[in-house]
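The values are calculated or read from the model by the stated rules, or taken from the named source; none is laboratory data. This structure is a prediction, so every number in the text was calculated from the model and none was measured. Cβ coordinates were reconstructed from backbone atoms using ideal geometry, including for glycine residues, and neighbour counts include every protein chain displayed. Side chains included, ligands, DNA and RNA excluded: accessible areas come from the protein's heavy atoms. Shrake-Rupley method; radii C 1.70, N 1.55, O 1.52, S 1.80 Å.
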Amino acid sequence: FEKASAQTPAASEFYSSYGRLLMGQAEMDNARRRFRQAIELDEENAPAVINAQLLDNRYVLSKLQSTWIYVLALVLVIVLHEFGHADAAGRLGDDTARQQGRCSLNPLVHIDLFGTIILPAILIVSGSEFLFGWAKPVPITKENLRNPDRDDSLVAFAGPAMNLLIACAAFVVIAMILLVLRIAFPGAVSLNLTMPFSESMNLAGTPFDMQILAILHVLKKLLFTSVLLGFFNLIPPPGQRFIETD
């Protein structure tokens, strides 16, 4: 920004203010004030106008909002993870999980007292930056599988594979939203839209800034939770996360 100011002295005030905006929350009020002053002096100062809007259109999740989004994302990811295990086992010849009602998208049948309720509650109360948990292990009868040695591994990796699919789907939707924004609103300005761990995002230049930011927050939480749970279920080896029945 110093280099840009030196090259275009007439715009030095604008570059200085925008630089402060990017530096952090401590300078945002000062940047907002300077943008307002620039607009008052020159109503056709388009950069100042849109960056003033950028400051105003700032979406920051409250602790309660962030917690609820994490809870919903965690439940969705866990349910689909366990459904992936159960469905894969059924397709490969073992109906144990289906017979016990575990091949279902109903969250209640997958609840583990500690992993699904107690641990997330502890993390929420302790003010953790993210939530984590797991569901009841899926029951399988290895001998029922058509090719026990091979199919046991396939069933084991079905859960993490489901997490990967969820993460990929969330990533694709995020990418599509950003692509549409770039094409439909080339004059739009944004901050932190692609940063996965950012709790604040800014967007200006579209008719529905705040709605887009809310959707992106949900998708980013879903993406992060899916990747985290998927990696967790690969350590230790996934085959150890089942209840083998006789």
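Restricting attention to the range 81-143, which chymotrypsin sites (Phe, Trp or Tyr not before Pro) occupy a DSSP loop and are surrounded by at most 12 other Cβ atoms within 10 Å?
Working: sites: Phe83, Phe114, Phe130, Phe132, Trp134; in loops: Phe130, Phe132, Trp134.
In loop regions of the range 81-143 (DSSP not H, G, I, E or B), there are no sparsely surrounded chymotrypsin sites (Phe, Trp or Tyr not before Pro).
Residue separation times 0.36 nm, minus the C-alpha to C-alpha distance between Ala214 and Glu44: what's the value?
Additional length available on full extension: 58.2 nm.
Could you give the nm distance between label points at Arg146 and Asp112, where each point is 7 Å from its Cα heading toward the beta carbon?
3.0
With springs only between Cα atoms under 10 Å apart, run a GNM on the chain and tell me which of Ile166, Ile235, Ile212 wobbles the most.
Ile235
Build a GNM of the chain with springs between Cα atoms under 10 Å: which of Val75, Val172, Val125 gets the top mean-square fluctuation?
It is Val125.
For the range 94-246, count the residues as N, evaluate 2.2 N^0.38 Å, and divide the Cα radius of gyration by that value, please.
Details: Rg = 19.7 Å, N = 153, 2.2 N^0.38 = 14.9 Å.
Dividing the Cα Rg of the range 94-246 by 2.2 N^0.38 Å gives 1.33.
Return the loop-located trypsin sites (Lys or Arg not before Pro) in the range 92-186 (DSSP other than H, G, I, E, B) with at most 16 other Cβ atoms within 10 Å of their own Cβ; answer none if there are none.
Arg146
Hey, how many Å between the Cα centroid of the range 37-103 and the Cα centroid of the range 128-197?
11
Within the chain, what is the longest stretch that has no GluC sites (Glu not before Pro) placed in a DSSP loop and near at most 10 other beta-carbon atoms within 10 Å?
130-246
Treating the angle as unsigned and between 0 and 90°, give the value, to the nearest 10°, between the Cα long axis of helix 46-56 and the longest Cα principal axis of the chain.
That helix lies at roughly 50 degrees to the long axis.
Roughly how much of His85 is accessible, in Å² to the nearest 10, using a 1.4 Å probe?
10
Can you tell me the orientation of helix 148-184 relative to the chain, as the angle in degrees between its alpha-carbon axis and the longest Cα principal axis, to the nearest 10?
It works out to around 20 degrees.
Please determine, in degrees from 0 to 90 and to the nearest 10, the orientation of helix 12-23 with respect to the longest principal axis defined by the Cα atoms of the chain, where the helix direction is its Cα long axis.
20
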